[in-house]
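Coordinate-derived values only; no laboratory data. Since the model is a prediction, treat every value here as computed from it, not as a measurement. Virtual Cβ from ideal backbone geometry, glycine too; neighbours counted across all protein chains shown.
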Amino acid sequence: MTFAQRLRDAGLAALVAAVLALPLLGFETIDTGGPLGIRARFHWIAYAAVSVFIGRLALLAFFDWWRLRQGRPEPLQSNAPARKDILTRIGSQADKYLMPALIAFAIALPMMPFADRTVVDLATVVLIYVMLGWGLNIVVGLAGLLDLGYVAFYAVGAYTYALLSLNFGFGFWEALPLAGLFAATFGIILGFPVLRLRGDYLAIVTLGFGEIIRVVLLNWTDVTRGSNGITGIQRPSFFGFPFTSSPEDGQTAFHELFGLEYSSIHRIIFLYYVILVLALITNLFTMRIRKLPIGRAWEALREDEIACKALGINPTNTKLTAFAIGAMFGGFAGSFFATRQGFISPESFSFIESAVILAIVVLGGMGSQAGIVLAAAFLTLLPELAREFSLFRMLAFGAAMVLIMIWRPQGLLAHREPTLRLSTQPSSSGGGKP
Amino acid sequence: MEYFLQQLINGVTLGAVYALIAIGYTMVYGIIGMINFAHGEIYMIGAFIAVISFAVLGVVGITWVPLALLIVLIVSMLLTGLYGWTVERIAYRPLRGSFRLAPLISAIGMSIFLQNYVQIAQGARIKPLQPMVRGGIELMKGETFTVTLSYLQIIIIVVTVLLMAGFSWLIAATPLGRAQRACEQDRIMAALLGVNTDRTISLTFVLGAMLAAVAGLMTTLYYGVVDFYIGFLAGLKAFTAAVLGGIGSLPGAMLGGMLIGLIEAFWAAYFSSEYKDVAAFSILVIVLIFRPTGLLGRPEVEKV
């Protein structure tokens, strides 16, 4: 591309940006009480157009430079899974070498000199998302079922523990298996009618189910207390020894048991290790079940359903197990979330959470356990780090999702090609390159 | 009886709006097999452009309602269409041919981006719009209840019917419609036979966005308020409508939209308005159990 061509292309992009910016950026609405007031701010359009112009020019220059470096005359294809780049090579080894390193780091983290309250707290949040990502990975990555309402199971787990603890005085450890069981039951109830359908219908039904759960939690005020949420959920104890400075009569507090000075960080570190163990159980479970017949059946089903049927695998039951197991881990994570926060409300379980968890699985490279850790860390730390620009952080979050997908559609650390179809054949849903 | 009739009218009005949005989903799904998650936000942007255009017209001094409506309709259709085109160009075209979930994630990202873009640009508070079309026809006068068909409802239903008729004609009888149907059946073959598939797909997005813009304008007039969050639920329901009618089928989207609108109106009227969304989804699940391809969808032949 010559410089003049680039200029023209960038000019066109800037023109489109200016027209797009005209209504929404060019005018500012003012609340006057009566009819909506309006004020022009055309300089915003100029900012938008100029930044798009410069950005597009830089992008085109970069593409040309890249093509020159690659020595390939054809236009840059964003999806070329055959080309082994550095990340793909890392990805193929990630689960073997990267995972032990990550686990060692996670275990050592609270003892690091820089690990204060905030760091451990943040790490706990990351681990919750890692666990959710690993749980959803069973459904999406292994079984190939698109679940857009995973947060519903997370909510079921959280509310199960909260209600059991509030109404029947259950402790965290007693309620944990029940929360998983309950979430799995919900998974089966939902999955049974819809798993026989085609994949995309499953997406919309799970999305609808996520909304239904949220609406029910909001409106069934007698039980869930509606939008006020449930407060005063029992905090976890160290196997019966509470984390309080002054325990009730007859109880021994954690710090007394070990003869330590009381510090509120004990509980935070304990919570961190609890979620670490829960997440590692999820990981271990996934790694092992992949090698069992049922795990093999999931992956086979993802690749070719018809071949599976021909081999005598019952697709509905196989999918149902994946769905239920994924839901169960969501339930575990949910009940941990409830005990950590001490307060839950339907607001924590909106669609955006499901989208974030799905994005973690896909960005990480579906099926790659280590990739999910990296994606979870990236997607949870990005909004945290950008907290000063709170208005812009979700904007950046959405843009990052789009850009990463364009850059690496197969995910950050995919160690296998997502489909094994011939590239010349159109896939039934995605379509080939014309 | 009067009450029933009134709910029927309300339901049809609501259904018309859902049907307009659902067409955008079903066409995109038909042509590239992808759930265009950002479509609900496109509808929201259409509604915002309509509100802002009304305010600008108010400042300029065009207050004759039919003229103002016409101008706003055209402006919001054009600008929203451009938004649809840009979204496709940036977020979906580079991903064509990659695996199935990639465009979906990109679409979810785009949806989050657009929602926050509008929130930043125009603020999070709801934008009111003064009622422009008042009055209506009293159809039936009962003892306690009067059935009215407002002029606004007439406008919404008439515009929707006209657009749908025009749209069906466009798909059935114009070169663009032929190209679209060809791409839907076999994109590679269509490309070999000289159909510009990229352009056809782009135009599909533009047309879908234009219809969503009309829906946005209509709901703005009907409810009188807009905020940056309306796209999510409307998009969800319209997509439900498209699936209910059989995704990929144009008459199916219209039928599904109508049904969802009616279910919602009647459920809210006779049972509880809090659970009207739950009702719509439950009906969807029940229909899918008995007719897995939706009401008017064709069964897909699976090939090895």
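Neighbours of residue B:123, meaning other residues whose beta-carbon lies under 11 angstrom from its beta-carbon, give a summed charge of -1 when Lys and Arg score +1 and Asp and Glu score -1.
Taking a Cβ cut-off of under 13 Å around residue A:326, the surrounding Lys, Arg, Asp and Glu residues balance to a net charge of 0, with basic ones at +1 and acidic ones at -1.
Residue exposure proxy: B:264, A:305, ordered by other Cβ atoms within 10 angstrom of their Cβ from fewest to most, comes out as A:305, B:264.
Note on residue A:101 and residue A:117: the model spin-label points, each 7 Å out from Cα along the C-beta direction, lie 3.3 nm apart.
Residues within the reach of a label modelled at residue A:168 (point 7 angstrom out along Cα to beta-carbon, backbone nitrogen below 14 Å), restricted to the stretch A:178-211, are A:178-183. Within 10 Å of the Cβ of each residue in A:210-221, the mean number of Cβ atoms contributed by other protein chains is 3.
Among the lysines of the protein assembly as shown, pairs at least eight places apart or on separate chains and with Cα atoms under 22 Å apart come to 10. Counts of other chain beta carbons within 10 angstrom of each beta carbon in peptide B:281-291 average 4. If R0 is 22 Å, the Cβ-Cβ spacing of residue A:68 and residue A:5 corresponds to a FRET efficiency of close to 0.90. Close amide H partners of residue B:139, meaning residues 5 or more places away or on another chain with modelled amide H under 5 Å apart, are B:147, B:148, B:149. Footprinting exposure proxy ranking of B:132, A:328, A:405, B:189, fewest other C-beta atoms within 10 angstrom first, gives B:189, B:132, A:328, A:405. Per residue of B:159-169, other chain Cβ atoms within 10 Å of the residue Cβ number 0 on average.
For a paramagnetic label modelled at 7 Å from the Cα of residue B:65 toward its Cβ, which residues of the stretch B:147-178 fall within the zone defined by backbone nitrogen distances under 17 Å? Only B:148-159 pass the distance filter. Length gained on full extension, residue B:134 to residue B:172, computed as 0.36 nm times the residue gap minus the Cα-Cα distance: 10.0 nm. For residue A:185 and residue A:384, the FRET efficiency from 1/(1 + (r/R0)^6), where r spans their Cβ atoms and R0 equals 25 Å, is about 0.15.
If you take every residue apart from residue B:178 with its C-beta less than 15 Å away from the C-beta of residue B:178, what net charge results, scoring Lys and Arg +1 and Asp and Glu -1?
+1
Exposure proxy for A:354, A:263, A:237: other Cβ atoms within 10 Å of each Cβ, ordered fewest to most, give A:263, A:237, A:354.
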